[in-house]
Amino acid sequence: MRHISSPGLKSRRSVLGSPRAVLVALFVTVAGLLAGGVLDPRPALAQVAMPDAAQMSGIPLPAAELAVGTVSVRIVRERMGNNIAGQSVSVTFNGQSKTGTTDAQGRAEFSGYAPGDTVVATATVDGEVLFSQEITMPSRGGIRVALVAGASAAAAKERAAAEAAAKEPPRQGVVVIGGDSRIIVEFQSDVLTVFYILEIVNNARTPIDVGAPLEFTLPPGAASPSLMEGSSTQASVRGESVLVSGPFAPGVTSVQIGFSLPDHASRVTLRQRWPAAWERPFVAVEKIGDMQLQSAQLSGVENFNADGGKVFLLGNGGRLAAGDELVVDIINLPAHDMTPRWTAVGIAALIVLAGLYLAFAPAAKPERAALLDEKARLMRDLVAMEERRRAGKPKPKDAERRPAVMAELERVLAALDEAPGGGEGAAA
């Protein structure tokens, strides 16, 4: 899960690794749970969309409310709800057909078949011949099947219209963070690693300009933020933030962010402010030991056993508005003991300081060399005073200084005789 690679950015494979099959399986399973309303049926119901008529055409569906051996065939034009009344339709079994006419709802019913019988429904609409898949009659209830006329032509028109709309100039509007977005937290090489798997959704038919890039300022302590492989080229990392520039094309713009929290304690608080509304927040945290996931904005936190023996804490919440902050607490983390790290840092700092001192501090002269320098200075002073006296231009204080200089010179000469390397004649 942690390979990070994106246009304009260097790969962070060494920091955030390569994809993990366990998270892929987790995503798929969680998506199924959400779609089925297992974790929270209310947001799942809110996401129900109209079915694609072209994909439903000819597919038999069990209908427990129908009598055993009954087939209900519905004929529509291009989309569900656009019923065709008075249309002739047939059902064939063992080479023999029954023919009926659709009612105002576009439906015609055929009965009298036994469980296990295999039938096929057919109809011809405006010269287009429609067939169902083979229908095997169940032992309980009946079967409903829809035949959609003009589905291919309608789909082609829809694609052409969408493509034309996508080429129009961007207009002002808003985008949302889609319901399939999620936050994943796991341990990788004992480092707490966080992933934002985001889908930025433009529900309009034309490109949308939101006025400024969407900015995701990552939580405090986030280290090595990077974009994962598969992220849109519209996303870029700027310091501790990820910017996603518009305009946003119709549909989904994928942004996948990874970062680590290397210096975590036994409790971590993730605070993330969202620049766009998030339809259905979802968080999954790898559970180790007695870890817990807490948030006032998440409900129904549950354990989930993933492939590979991993356990995840799963939580989902209600819609967050643009500018809202999601606050998630992860407690009872297996915290690192930072004492060895800081001790090593302190020792390294002392070594650096010692090196700098030795490199730039003036070297102390040996004792004998210092005495010789002092002797030379005193001799120069005496010579200068003597030259001024002979020239008849002595300084006012020369008479007072001369005895003091002589006394100091005698002291230096005595010290030279006693210093290492001295001896008889050494002070001469």
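Of note:
- Of residues in the range 174-185 being touching an Asp or Glu at 6+ places or on another chain (Cβ under 7 Å) and assigned to a loop (DSSP other than H, G, I, E, B), the one surrounded by the fewest Cβ atoms within 10 Å (Cβ to Cβ): Asp180
- Which numbered condition Gly239 misses (of (1) over 25 Å from Asn316 (Cβ atoms); (2) touching a residue at least 40 places away in the same chain (Cβ under 8 Å)): (2)
- Hits in the range 271-285 - residues which are surrounded by fewer than 22 Cβ atoms within 10 Å (Cβ to Cβ) and under 11 Å from Val194 (Cβ atoms): Gln272
- From Ala161, Ala123, Ala155, residue being in contact with a helix residue (DSSP H, G or I) (Cβ under 7 Å, 6 or more places away or on another chain) and of a type outside the set (Ser, Thr, Tyr): Ala155
- Listing of strands (runs of 3 or more DSSP E) fully contained in the range 193-277 that carry 3 or more residues being of a type in the set (S, T, N, Q) and at negative phi: 251-261
- Applying the condition of being over 54 Å from the mean Cα position of the chain (by Cα) and hydrophobic (A, V, I, L, M, F, W, C) to the range 83-116 and asking which residue is farthest from Ala146 (Cα to Cα) yields Ala114.
- If the condition is being surrounded by fewer than 18 Cβ atoms within 10 Å (Cβ to Cβ) and at pLDDT 90 or above, then the range 187-203 contributes only Asn203.
The values are calculated or read from the model by the stated rules, or taken from the named source; none is laboratory data. Just so it is clear, the structure is predicted and the values come from calculations on it, not from any experiment. Quick reminder, even Gly has a Cβ in these numbers, built from the backbone with ideal geometry, and neighbours come from all protein chains shown.
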